[in-house]
């Protein structure tokens, strides 16, 4: 059987590209690979992993979670609170990560995490 070597991208539907680009590009700092505020499809790069945004009248966020690793979970939590967002409190998980959750402008659940030693 051929081996899958990595995940290349995930695509989520958003209701307003400009609002989503402001969040993912301007607030989270992801770099734009393709598209922009007025496009129906945009692709943002995170260390050669792509988050694709596609405009849809029904953004569909039934459930799923995108997990972003960051250098310092507590610093990211403070940064997002300072930008007016209300993330959940950071928690140490039994599986060896410190994390918190936040919903993006369309209600997609995001997790920000960093490994911790057990």
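Where a number appears in this text, it was derived from the coordinates with a stated rule and is not lab data. These numbers were taken from a predicted model, which means no experiment stands behind them. Using ideal geometry, Cβ is built from the backbone for each residue, glycine included, and neighbour counts are taken over all protein chains shown.
Would you mind putting 38-47, 102-111 in packing order, based on average other-beta-carbon counts within 10 Å, highest first?
102-111, 38-47
Report which label in [x] 12, 35, 24, 14, 9, 5, 1; [y] 13, 41, 35, 10, 1; [z] 15, 42, 28, 13, 3, 0 holds the value of P(r) over Cα pairs in 10 Å bins from 0, in percent derived from the coordinates of this structure.
Among [x] 12, 35, 24, 14, 9, 5, 1; [y] 13, 41, 35, 10, 1; [z] 15, 42, 28, 13, 3, 0, the one derived from this structure is [y].
Under 1.5 on a/c is rounded, so check that first for region 72-118, then, if it is not, pick prolate when a/b is larger than b/c and oblate when it is not; a ≥ b ≥ c are the square roots of the alpha carbon gyration tensor eigenvalues.
Oblate.
Please compute the modelled spin-label separation between residue 27 and residue 89, points set 7 Å along Cα→Cβ, answer in nm with one decimal.
Inter-label distance under the simple model: 2.2 nm.
Please compute the length gained on full extension between residue 103 and residue 50, using 0.36 nm multiplied by the number of residues separating them and subtracting their Cα-Cα distance.
In short, 17.2 nm is gained.
Give me the extension gain from residue 39 to residue 7: residue separation times 0.36 nm, minus the current Cα-Cα distance, reported in nm with one decimal.
Contour length minus Cα-Cα distance gives 9.1 nm.
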